[in-house]
Amino acid sequence: MSDQTALPSDVQGWPASPPHELQDFYSLAIPELERLLLEWGEPRYRARQLWKWAYARGATRFDEMTDIPKELRSRLSARFSLATIESLASVSEPDGSATKFALRLGDGEVVETVLLKERHGYTVCVSCQAGCPLGCVFCATGLAGFRRNLAAGEISYQVVHCAREARRANPRSQISNIVFMGMGEPLLNLDACLEAIDRVCRPEGLGIAPKRITISTVGFPEGIRRLAAHPAPLGLAISLHATSDRVRAMLMPAAGRVPLRDLVAACEEYARRKGARITFEYLLLQGVNDSEADAHRLVSLIGQLPTHVNLLVLNPVPGVELRPASPAAFMLFQRILGRARIPCTIRVSKGVSIGAGCGQLRGALTAH
Ligand code: SF4
């Protein structure tokens, strides 16, 4: 990330946020909100009205909720805040194709979220952890270490914030897709991720179709099996990046402890139960995993699965010495996968010049 395009340099130098005496409204699940309103003698449907204001309309104050009785608005304002999570800063690509936001959570942790402009609507790339414990050697988040899991409200709020920002540019803007490709590993915080997905998919939430949400993971078999058993038709993307256990363990020290055969077996189960195609992400790295033998091993490994392969170009990350593979290696992989009838796309991340590409998010604006 170059200094000119980075978000303001160091949030640790920013004034500390005032202590939050009010509870974050987004920390509530809808059943909790219903219970509270019933205790207060309010009808159950008020919960859905409030939910719609907070999630679908992105209200920042209870005062904006004009169809909620004034006394209830005052009572809510005395106890909750809709603005516990603060937007510290944002930076956009000059052509508007990507904007990265730094959000400060209630306890001061900072996470990054990316809004990507697509041909039809917007995609939000959400973070599910502050940092990441997995330490993949090509990833700024991994290099910066792990701080904590995010709660469901902190994950879903990132989508609310991005939807609000997109509407600011164009009131008719819609969030069409969500990808769990920001900071952190979703399968290590799966309950919160699934709860966040439920919130944004609800019709009174943001009404996003589950099939437009992709969980991107290094692939822990137990988590893949949990996802396979989950009723929502979520997309699954596996960060594979190697065709041998040895190279994978070198690139992804924690994830690489899972043997590739166990990972592929869990993917087979997922594909069978869901009737879904799995995306495999493969970061092509010069002299590491870009040989002709690698391409053939990749075909042997995943050729039996309904799949799509994304060949990724390494994004620059300070301190990472690896180099992207040559254009010839990309063509070679494409040719060998094509011959095996495995659909394959060469992907270049959006937002690279603003440090918003895959592997570039680092949180705390100092440092998948
Ligand atoms: S690539 Fe993903 S799993 Fe690996 S360190 Fe980065 S955020 Fe964590």
Check your understanding: Looking only at region 291-307, which residues are open to solvent by less than 30 Å² (accessible area, probe 1.4 Å) and not small (Gly, Ala, Ser)?
Key -> Asp294, Leu298, Ile302, Leu305, Thr307
Practice item. Return the residue satisfying two criteria in turn: it lies in region 332-359 and is in contact with a Gly (Cβ under 8 Å, 6 or more places away or on another chain) and at pLDDT below 90, and of such residues it is farthest from Ala89 (Cα to Cα). Key: Ser349
Exercise for review: Run Gly106 past the list (1) surrounded by 20 or more Cβ atoms within 10 Å (Cβ to Cβ); (2) more than 17 Å from the chain's Cα centre (by Cα); (3) within 16 Å of Leu206 (Cβ to Cβ) and report the number of the one that doesn't hold.
Suggested key: (3)
Study note, to complete from the structure: In region 243-289, residues that are more than 13 Å from the ligand (Cβ to nearest atom), open to solvent by less than 20 Å² (accessible area, probe 1.4 Å) and part of a loop (DSSP other than H, G, I, E, B) total 3
Revision key, fill the gap. When Ser92 is run through (1) out of contact with any helix residue (DSSP H, G or I) (no Cβ under 6 Å at 6 or more places or on another chain); (2) polar (S, T, N, Q); (3) crowded, with 20+ Cβ neighbours inside 10 Å, the failure sits at (3)
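I'd like the residue in region 318-331 that is at pLDDT 85 or above and assigned to a loop (DSSP other than H, G, I, E, B) and, out of all such residues, is surrounded by the most Cβ atoms within 10 Å (Cβ to Cβ). Talk me through it step by step, then tell me what you get.
Narrowing region 318-331 to residues at pLDDT 85 or above: 320-331.
Going one step further and asking which of them are assigned to a loop (DSSP other than H, G, I, E, B), we end up with 320-323, 325-326.
On the way: Val320: 16, Glu321: 7, Leu322: 16, Arg323: 12, Ala325: 24, Ser326: 13.
Looking at residues that are at pLDDT 85 or above and assigned to a loop (DSSP other than H, G, I, E, B), I get Ala325.
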Revision key, fill the gap. For strands (runs of 3 or more DSSP E) lying entirely in region 123-234, having 2 or more residues that are at negative phi, open to solvent by 20 Å² or more (accessible area, probe 1.4 Å) and within 16 Å of the ligand (Cβ to nearest atom) picks out 146-149
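Go through region 92-122 and give me each residue that's of a type in the set (A, V, I, L, M, F, W, C) and in a loop (DSSP other than H, G, I, E, B). Break it down into steps so the answer makes sense when it comes.
As a first pass, look at region 92-122 and keep what is of a type in the set (A, V, I, L, M, F, W, C): 98, 101-103, 105, 110-111, 114-116.
If the condition is that a residue be of a type in the set (A, V, I, L, M, F, W, C) and in a loop (DSSP other than H, G, I, E, B), then Leu105 is the only one that fits.
Residue-by-condition table, conditions (1) in contact with a helix residue (DSSP H, G or I) (Cβ under 6 Å, 6 or more places away or on another chain); (2) over 28 Å from Tyr26 (Cβ atoms):
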residue: Arg164; (1), (2): no, no
residue: Arg168; (1), (2): no, no
residue: Ser239; (1), (2): no, yes
residue: Pro253; (1), (2): no, yes
residue: Ala266; (1), (2): yes, yes
residue: Arg273; (1), (2): yes, yes
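The values are calculated or read from the model by the stated rules, or taken from the named source; none is laboratory data. Remember, predicted model here, so these are calculated numbers, not experimental data. Don't worry about glycine lacking a Cβ; one is built from the backbone with ideal geometry, like all the others, and counts go over all protein chains shown. Quick note on the areas: whole protein, heavy atoms, side chains included, nothing else; ligands and nucleic acids left out. Shrake-Rupley method; radii C 1.70, N 1.55, O 1.52, S 1.80 Å.
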